[in-house]
Amino acid sequence: MTIKTFFMALVLVLLAAVVTAALVIFGGAWVNGGATSSGAKSVFSLLGSEKKTDPQFVEIKNMVITLKNDNGRERYLLLELTLDAEDKEQMKRVENYIPVIRSVTVDALSAMTYSEVRHQSVAELRALLMQNYQAAFARNNIKPPFEKVLISKMVFQ
């Protein structure tokens, strides 16, 4: 056996050892759910593949809002919203603020005429509501407990 062949075999053995060690580390972290006993970040979190928490949703159903009408006839809007919170703690905060959210929604939309609301897109209405929610919470020096507002149902009468 020549020296060249010996060193080539040595390099291959070392490479196999490094690959095996890496697989053992990644496999151990995967089996343990990415958690370590010392509380340090896992290998997976260092790679950026750690799972974020799923968003939590809070539904606010059956909001009936009276809209102004040019003809003197009352018009109504049935609205159902879904609010997107980051985690369960924020979800509880959203549930605590549902009366405020309902009030701000009614205030914002009842000031508008039927034709104004009807001619806005869903995206424009979502933006209008979110702007009003942020302003209402800011008046009380509170960060809104939800990230976005989604309109899940909108029925005009």
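Read the figures in this text as sums done on the coordinates, not as results from a lab. Since the model is a prediction, treat every value here as computed from it, not as a measurement. Here Cβ is always computed from backbone atoms with ideal geometry, including for glycine, and neighbour counts include all displayed protein chains.
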Nearest-20 debye value, the chain charge dipole, Cβ charges on Lys, Arg, Asp, Glu: 140 debye
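If you average the sequence gap of Cα pairs under 8 Å that are 6 or more apart and divide by the length of the chain, what percent do you get for the contact order?
Numbers: 182 pairs, mean separation 36.2, N = 157.
Relative contact order here is 23 percent.
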Charge dipole of the chain built from unit charges on the beta carbon (Lys, Arg +1; Asp, Glu -1), centred at mean Cα; most positive-end Cα among 28, 14, 2 is 2
Mind checking the angle between helix 3-31 and the chain's longest principal axis? C-alpha axes, 0 to 90 degrees, to the nearest 10. 30 degrees
Among all the aspartates and glutamates, which ones have a C-alpha under 13 Å from residue 153's C-alpha, if same-chain residues fewer than 8 places away are not counted? 59, 80
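For the chain, what Kirkwood radius comes out of the mean inverse Cα-Cα distance, in Å?
Computed over Cα pairs of the chain, the Kirkwood hydrodynamic radius comes out at 20.3 Å.
For a protection proxy built on the mean count of beta-carbon atoms within 10 angstrom, sort 21-30, 58-67 highest first, please. Can you show the working numbers first?
Details: 21-30: 11.9, 58-67: 14.9.
Listed from highest to lowest mean packing, they are 58-67, 21-30.
Using a 10 Å cut-off around each Cβ, can you sort 5, 113, 105 from fewest to most neighbouring Cβ atoms? Don't jump to the answer; show the numbers that get you there.
Values: 5 9, 113 13, 105 21.
Fewest to most other Cβ atoms nearby, the residues stand as 5, 113, 105.
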Give the angle, between 0 and 90 degrees and rounded to the nearest 10, that separates the Cα long axis of helix 98-110 from the longest principal axis of the Cα atoms of the chain. 50 degrees
